[in-house]
Amino acid sequence: MEQSLVIIKPSGVQRNLIGKIIDRFQQKGLVISGLKMMKLSEELLREHYAHLVDRPFFPTLMKSMMATPVVVICLKGVDAVAVVRSMVGVTNARNAAPGTIRGDYGMSSQENIVHASDSPENGIIETNRFFKPEEIFDYTPVTISSTYSPDELNS
Ligand code: UDP
Ligand code: MG
């Protein structure tokens, strides 16, 4: 199964959305295999947002991501990366569709509530960046057989 790394950013933490956001992913059927609160260091963020260092908004993005602790979550599921991205919505929350997390809770392209991995490869890389191996749990919830067909589970 794929895994996706989600960060509830300081904008989501400040606005008391931690519970609502986790609830959406659980209700969908994604499995939480890692979950913790942490403060992001400049070093970790520079690695995570390495593709954005040259962008004009990079300094304010760094400051924004360190404003409060964040909640990091590893979600597992069939096609988890695409499913989570579609639940999160487009980067600029003002343009994000109603029903998505950014669309329902955000008004900004920077203060956009959550991060989600953008490819299966990055789902693995980012999970390893934010979690130690012993913080990730591999278990099968009893609900799995009513969440997927046997074919889907074996794919
Ligand atoms: N960002 C920003 N201004 C922009 C584009 C992005 O502040 O014009 C921030 C925003 O918080 C976004 C993050 O940089 O979530 C990472 O950008 P990316 O293009 O990877 O968007 P995402 O994958 O988060 O939708
Ligand atoms: Mg991105």
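The values are calculated or read from the model by the stated rules, or taken from the named source; none is laboratory data. Just so we're clear, the structure is a prediction, and the values are computed from it rather than from any experiment. Virtual Cβ from ideal backbone geometry, glycine too; neighbours counted across all protein chains shown. Heavy atoms of the whole protein, side chains included, go into the accessibility calculation; ligands, DNA and RNA do not. Shrake-Rupley method; radii C 1.70, N 1.55, O 1.52, S 1.80 Å.
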- Item | Ser64 vs. criteria part of a strand (DSSP E or B) and either open to solvent by 50 Å² or more (accessible area, probe 1.4 Å) or of a type in the set (Gly, Ala, Ser) (or both) | no
- Message: So, Glu111, is that one away from ligand 2 (no atom under 14 Å from the Cβ), touching a Ser or Thr at 6+ places or on another chain (Cβ under 7 Å) and open to solvent by 40 Å² or more (accessible area, probe 1.4 Å) or not?
- Response: yes
- Task: Look through Val78, Val90 and report the one residue that is open to solvent by less than 50 Å² (accessible area, probe 1.4 Å) and at negative phi.
- Result: Val78
- Might you check whether a residue that is hydrophobic (A, V, I, L, M, F, W, C), in contact (Cβ under 8 Å) with a residue 40 or more places away in the chain and within 14 Å of ligand 1 (Cβ to nearest atom) occurs anywhere in the range 133-151? no
- Query: Going through the range 37-53 one residue at a time, which ones are open to solvent by 40 Å² or more (accessible area, probe 1.4 Å), part of a loop (DSSP other than H, G, I, E, B) and within 15 Å of ligand 2 (Cβ to nearest atom)?
  - Reply: Val53
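Step by step: first the residues of the range 130-139, then only those that are surrounded by 10 or more Cβ atoms within 10 Å (Cβ to Cβ) and either among the aromatic types (Phe, Trp, Tyr) or modelled with pLDDT under 95 (or both), then the one that is nearest to Gly29 (Cα to Cα). Which residue is that? I'd like the intermediate steps shown before the answer.
Step one: list which residues in the range 130-139 are surrounded by 10 or more Cβ atoms within 10 Å (Cβ to Cβ), which gives 130-131, 135-137.
When the remaining residues are screened for being either among the aromatic types (Phe, Trp, Tyr) or modelled with pLDDT under 95 (or both), the result is 130-131, 137.
Numbers: Phe130: 23, Phe131: 22, Phe137: 16 Å.
Filtering first and then ranking leaves Phe137.
Just give me the residues in the range 9-35 being closer than 15 Å to Thr127 by Cβ, open to solvent by less than 50 Å² (accessible area, probe 1.4 Å) and of a type outside the set (Gly, Ala, Ser), in sequence order.
As a first pass, look at the range 9-35 and keep what is closer than 15 Å to Thr127 by Cβ: 25, 30-35.
After this cut, where a residue has to be open to solvent by less than 50 Å² (accessible area, probe 1.4 Å) as well, the list is 25, 30-34.
Passing the criteria: Phe25, Leu30, Val31, Ile32.
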- Query: When only residues in the range 114-131 that are of a type in the set (D, E, K, R) and out of contact with any strand residue (DSSP E or B) (no Cβ under 7 Å at 6 or more places or on another chain) count, which is nearest to ligand 2 (Cβ to nearest atom)?
  - Reply: Asp118
